[in-house]
Every structure is written in structure tokens, then in C-alpha cells.
Amino acid sequence: VPLPPQVRCYHRRRGGREAVFGVQFHTGTLRGPRLRLRRDELDLAWQDQRFPPDATVEFIFSSGPERVEG
């Protein structure tokens, strides 16, 4: 059984990087090409006061290299 994709976002800093958020999801649960996650659904960001309470992250998936509107 393959593991669900894990996405990590980092802030690059001089001398290294700092993790901003992380998330795992199963691609079988996607309903369309977009996945929007709230702050409380993101590892690390849910407790980070630098993120506003209504912050979201949106992933847009495509089956090819063409540009996706939005």
C-alpha cells in the first residue's frame, strides 16, 4: 500500500530553511482539480500565530503541463 503524498512547504533562510507547513492527503479523496485546506488542517501552521485564522492553502492539480486557469 503506497503512502499518501506528503507536501512540505519551507521558508528559505540564510543558512538553512524553516518548515512553514506540512500536509498529507490521499489522492483518491480528491473531487476535481483543486484542494483547499484551512489553517487548522495544516501541520505546524494550525498553531502558528503568524497565519491569520482564516488562512488557506490551495493546491491545483493538472494531468499535463498546460496552464490551469486560476
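The values are calculated or read from the model by the stated rules, or taken from the named source; none is laboratory data. The model shown is predicted, which means the values in this text are computed figures rather than measured ones. Cβ placement follows ideal geometry from the backbone for every residue including glycine, while neighbour counts extend to all protein chains displayed. The protein model used for the area step is the full one, side chains on, heavy atoms only, and it has no ligands, DNA or RNA in it. Shrake-Rupley method; radii C 1.70, N 1.55, O 1.52, S 1.80 Å.
From the list V7, V57, V1, V20, pick out the single residue that is at pLDDT 90 or above and among the aliphatic types (A, V, I, L, M).
V57
Among residues of the range 20-32 that are closer than 14 Å to I60 by Cα, those with a Cβ under 7 angstrom from a residue that is assigned to a strand (DSSP E or B), sequence gap 6+ or separate chain, pair up as F25/L35. Residues in the range 1-33 that are in a strand (DSSP E or B), open to solvent by less than 100 Å² (accessible area, probe 1.4 Å), in contact with a strand residue (DSSP E or B) (Cβ under 7 Å, 6 or more places away or on another chain) and not aliphatic (A, V, I, L, M): C9, Y10, H11, E18, F21, G22. Condition first: in contact with a helix residue (DSSP H, G or I) (Cβ under 7 Å, 6 or more places away or on another chain), open to solvent by 100 Å² or more (accessible area, probe 1.4 Å) and in a loop (DSSP other than H, G, I, E, B). Now tell me which residues in the range 34-70 satisfy that. P53 - this is the single residue of the range 34-70 that is in contact with a helix residue (DSSP H, G or I) (Cβ under 7 Å, 6 or more places away or on another chain), open to solvent by 100 Å² or more (accessible area, probe 1.4 Å) and in a loop (DSSP other than H, G, I, E, B). Only one of the listed residues (V23, V57) is of a type outside the set (S, T, N, Q) and in contact with an Asp or Glu (Cβ under 7 Å, 6 or more places away or on another chain). That residue is V23.
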